[in-house]
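As structure tokens, the structure follows; a few thoughts come after it.
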Amino acid sequence: MIGLLITGHGHFATGLGSSLKLITGNTENIVYVDFEADHSTEILTENLNKGFDQLKDCDGVLVLSDLAGGSPFKCAVECKFARPDQAIEVIAGSNLPMLIEGSMMMGAFDSPLDFAESLIPTGKDYIIRFELAAHEDNAEEDGI
């Protein structure tokens, strides 16, 4: 099983965690690390390492971060290279649909790289713009 570590600015991580728990109830092998305004990158790195330690019994860890190039992303990447014995992959631009799907598919993967590659299309597919479409009545439809 691959563990999930969610990180981001402010309460991005715990906010997604709150939503995930409401929608799926699943919180096993998922760790949330927020980067709050009063945190230094040293504190963030320390908290990320604590999270990786909590997931050490998993086959690997997939990090879902909010912003490419931001401190949570950069610190997670640095942790990845500081932990060569732990299989870690890092994604930026994460969203709730990715987390929901990921939480339900964690046990299906042995590789965090394969897991990451399976979740990226989900994140992209759920970015949409509302568009009002004209509706034409069709007498042959039964209304469903």
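Please compute the modelled spin-label separation between T14 and I127, points set 7 Å along Cα→Cβ, answer in nm with one decimal.
Inter-label distance under the simple model: 2.8 nm.
What do you get for trypsin sites (Lys or Arg not before Pro) in segment 63-144 restricted to DSSP loop and a cutoff of at most 12 other Cβ within 10 Å of the site's Cβ?
On the way: sites: K74, K80, K124, R129; in loops: R129.
For trypsin sites (Lys or Arg not before Pro) across segment 63-144 that sit outside H, G, I, E and B with at most 12 neighbouring Cβ atoms in 10 Å, the list reads R129.
At 0.36 nm per residue, minus the direct Cα-Cα distance, what do L96 and V77 gain on full extension? Give it in nm, one decimal, please.
Values: separation 19, 0.36 × 19 = 6.84 nm, distance 2.12 nm.
Separation in residues times 0.36 nm, less the Cα-Cα distance, equals 4.7 nm.
If you scale each eigenvalue of the Cα gyration tensor by 5 and take the root, what three semi-axes come out for the chain, rounded to whole angstrom and sorted largest first?
Working: eigenvalues 224, 61, 36 Å².
Each semi-axis is the square root of five times an eigenvalue, giving 33, 17, 13 Å.
What's the magnitude of the charge dipole for the chain around its Cα centre, counting Lys and Arg as +1 and Asp and Glu as -1 at the beta-carbon? Answer in Debye, nearest 20. Walk me through the numbers on the way to the answer.
Values: 8 positive and 24 negative charges, 142 e Å.
Once rounded to the nearest 20, the dipole reads 680 debye.
In terms of solvent-accessible area of protein heavy atoms at a 1.4 angstrom probe, what is the ranking of H135, H11, highest value first?
Working: H135 135, H11 115 Å².
Solvent-accessible surface, decreasing: H135, H11.
Take every DSSP beta bridge whose two residues both sit in segment 1-123, then give the antiparallel share in percent to the nearest 5.
Numbers: 1 of 17 bridges.
The answer is about 5 percent antiparallel.
Could you tell me what percent of the accessible area of the chain is made up of carbon and sulfur, with a 1.4 Å probe and every protein chain present?
On the way: 4490 of 8500 Å².
On the chain, the fraction of accessible area on carbon and sulfur atoms equals 53 percent.
Show which lysines lie in cross-link reach of K56 when reach means a straight Cα distance below 28 angstrom and same-chain residues fewer than eight apart are skipped.
Correct list for K56: K21, K74, K80.
Can you list the aspartates and glutamates whose alpha carbon is less than 17 Å from that of K124, not counting same-chain residues fewer than 8 positions off?
D66, E101, D114
Could you report segment 1-94's accessible area per residue, 1.4 Å probe, as an integer in Å²? Provide the component values of the computation, followed by the final result.
On the way: 4560 Å² over 94 residues.
Spelled out: the 1.4 Å probe surface of segment 1-94, per residue, equals 48 Å².
Report, in deg cm²/dmol and to the nearest 500, the calculated mean residue ellipticity at 222 nm for the chain, where each DSSP H run with n ≥ 4 adds -39500 (n - 2.57) and the sum is divided by the residue count.
Values: 5 runs with 62 residues, N = 144.
Result for the chain, helices only: -13500 deg cm²/dmol.
For the chain, modelled as a GNM with alpha-carbon contacts under 10 angstrom, which of T122, T27, T45 fluctuates the most?
Comparing T122, T27, T45 in the GNM, the peak value goes to T27.
Just G102, G69, G60 to compare: in a GNM of the chain, with alpha carbon springs under 10 Å, which one fluctuates most?
Residue with maximal mean-square fluctuation among G102, G69, G60: G69.
Taking the Cβ of T7 as the centre, find all other residues whose Cβ is under 14 Å away and add up their charges (Lys, Arg: +1; Asp, Glu: -1). Walk me through the numbers before you get to the answer.
Values: positive: K50, K74, K80; negative: D34, E36, E46, D66, E78, E89.
Charge balance near T7 sits at -3.
Positive end of the charge dipole of segment 1-111 (Lys, Arg +1 and Asp, Glu -1 on Cβ, about the Cα centre): tell me which of G69, I88, G51 has its Cα farthest that way.
Result: G69.
Once you list every other residue whose beta carbon is under 14 Å from the beta carbon of Y32, what net charge do they have if Lys and Arg are +1 and Asp and Glu are -1? Write down the numbers at each step before the final one.
On the way: positive: K21, K50; negative: E28, D34, E36, D66.
With Lys, Arg at +1 and Asp, Glu at -1, the neighbours total -2.
Rank these residues by their accessible area, most exposed first, probe 1.4 Å: I120, I127, I2.
Numbers: I120 70, I127 125, I2 0 Å².
Solvent-accessible surface, decreasing: I127, I120, I2.
The values are calculated or read from the model by the stated rules, or taken from the named source; none is laboratory data. Predicted model, so just to flag it, every value in this text is computed and none were measured. Every residue, glycine among them, receives a Cβ derived from its backbone with ideal geometry; neighbour counts consider all protein chains shown. The accessibility values were calculated without ligands, DNA or RNA, using every heavy atom of the protein model including side chains. Shrake-Rupley method; radii C 1.70, N 1.55, O 1.52, S 1.80 Å.
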